[in-house]
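Novice: I am attaching a structure below and will ask some questions about it afterwards.
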Amino acid sequence: MNTDIEILRSRGYIEDDNIYEYEKKSKKELIDLLDDKIPCVRSSAAKALSLSYDMNEIEISKIMLEKLLKEKKLYTRIEMGAALERGGEVTAQQMVFYIGKIGKNQHKKLPDRPSKKISFPLARDFITRSLARMDIRVMPVLINVLDSQDEEKIAEILDAIGYMAFYNIHAAKLEYTEKVLDTISKYKNNEVIYWKGILCLSGFSWQKSVVFLKKVIETENEPLFVQEAKRSLRLLKRPLLDSY
């Protein structure tokens with residue numbers, strides 16, 4: 001009978017001391033090990049690669065994303081996602097192309113009820129989730145996705161934008177608030193984008209967010225939008241004046 005740890009390892013689970021033997025391997029050796037038949041080896045190679053080499057190298061980030069796209073083991077996926085999170089703007093720009101392509105957990109329609117979380121929910125899309133946890137220097141990359149005209153990507157990136165702004169006040173600039181509001185207005189007929197925009201604004205403590213959310217509460221007929229707007233207002237930190 002397999003032990004619990006053996007079951008976890010069969011899914012790619014590793015601990016910190018599992019990568020010692022990988023730290024002195026060359027970049028090529030580690031990249032080759034991303035194709036190893038043993039999930040733990042792939043996990044260790046991904047982690048060691050991101051710690052020993054620059055994830056902002058386009059070669060490395062592209063390879064990691066392609067391996068992640070095909071990876072089936074949960075914990076190996078997690079290690080590959082964490083490796084990408086150690087990158088910067090160049091890595092984030094590569095990651096954007098993979099939004100919505102990994103897993104099938106993305107929202108395709110409105111949920112049956114509003115979020116019960118007392119903080120900003122983590123994105124359900126795998127790549128967007130990793131983007132949300134990166135350094136705030138990648139925020140302009142996330143914001144640029146709003147100009148892509150790709151509605152599926154826009155719906156997902158709003159989760160990352162809201163998450164990053166909610167947990168990093170320096171990422172919640174007024175200019176980004178205005179960009180989110182413009183996007184919500186532009187895609188008003190896309191109910192998933194509209195809903196996620198309402199959620200996203202809980203990370204932007206500006207008076208313009210307050211005004212918009214109050215208008216939603218006063219004018220919308222869809223109960224979910226009204227309830228989410230009320231929740232976003234509750235979560236807003238003390239709103240700043242837009243002229244601040």
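The values are calculated or read from the model by the stated rules, or taken from the named source; none is laboratory data. Note that the structure is a prediction, hence the values are computed from the model and not measured. Reconstructed Cβ throughout: ideal geometry from the backbone, glycine too, with neighbour counts over all protein chains shown. What goes into the accessible areas is simple: the full protein's heavy atoms, side chains included, and nothing from ligands, DNA or RNA. Shrake-Rupley method; radii C 1.70, N 1.55, O 1.52, S 1.80 Å.
Novice: Under a plain spin-label model, where a point goes 7 Å from the Cα along Cα-to-Cβ, how far apart in nm are residue 219 and residue 21?
Specialist: In this crude spin-label approximation the distance works out to 6.4 nm.
Novice: Using only the alpha-carbon atoms, how far is helix 58-70 inclined from the longest principal axis of the chain? Give it as 0 to 90 degrees, nearest 10.
Specialist: Taking Cα atoms only, the helix is inclined about 90 degrees.
Novice: Report D for region 97-140 in µm² per second (integer): Stokes-Einstein, Kirkwood Rh on Cα pairs, 10 °C, 1.306 mPa s.
Specialist: Rounded to a whole number, D works out at 131 µm²/s.
Novice: Next up: Keeping the other protein chains in place, figure out the carbon and sulfur percent of the accessible area of region 152-214, with a 1.4 Å probe.
Specialist: Carbon-and-sulfur percentage of accessible area, whole number: 49.
Novice: Counting only C-alpha contacts under 8 Å and six or more residues apart, can you give the relative contact order of region 107-161 as a whole percent?
Specialist: That works out to 40 percent.
Novice: About its Cα centre, how strong a charge dipole does the chain have in debye, to the nearest 20, once Lys and Arg get +1 and Asp and Glu get -1 at the Cβ?
Specialist: Roughly 720 debye, rounded to the nearest 20.
Novice: Determine by what factor the alpha-carbon radius of gyration of region 12-108 differs from 2.2 N^0.38 Å, reporting the quotient.
Specialist: 1.02
Novice: If N is the number of residues in region 107-242, what value comes out of its Cα radius of gyration divided by 2.2 N^0.38 Å?
Specialist: 0.93
Novice: Taking all protein chains in place and a 1.4 Å probe, what share, in percent, of the accessible surface of region 1-60 do carbon and sulfur account for?
Specialist: On region 1-60, the fraction of accessible area on carbon and sulfur atoms equals 49 percent.
Novice: Sticking with this structure for a sec: Based only on Cα atoms, what mean projected area does the convex hull of region 175-244 have, in nm²?
Specialist: Mean projected area for region 175-244: 4.2 nm², to one decimal.
Novice: Can you give me the Cα centroid spacing of region 170-223 and region 62-105 in angstrom?
Specialist: 28 Å
Novice: Pop a pseudo-label 7 angstrom from the Cα along the beta-carbon direction at both residue 238 and residue 112 and give the gap in nm to one decimal.
Specialist: 4.1 nm
Novice: Is the shape of region 104-172 rounded, prolate or oblate, going by the alpha carbon gyration tensor and its root eigenvalues a ≥ b ≥ c, with a/c under 1.5 for rounded and a/b larger than b/c for prolate?
Specialist: Since a/c reaches 1.5 but b/c is at least a/b, the shape of region 104-172 is classed as oblate.
Novice: Please express the shape of the chain as an equivalent ellipsoid: the semi-axes are the square roots of 5 times the eigenvalues of the C-alpha gyration tensor, given largest first in whole angstrom.
Specialist: Calculated on Cα positions only, the semi-axes equal 37, 19, 15 Å.
Novice: Per-residue counts of other Cβ atoms within 10 Å, averaged by peptide: what ranking do you get for 17-29, 142-154, highest first?
Specialist: Per-residue Cβ counts within 10 Å, averaged per peptide and sorted highest first, yield 142-154, 17-29.
Novice: Could you state the accessible area per residue of the chain in Å², with a 1.4 Å probe and every protein chain left in place?
Specialist: Computed with neighbouring chains in place, this is 53 Å² per residue.
Novice: Check cross-link reach from residue 62 to the lysines: straight Cα distance under 24 Å, and skip same-chain residues fewer than eight apart.
Specialist: Filter leaves 24, 25, 27, 28, 37, 47, 70, 72, 73, 101, 104, 153.
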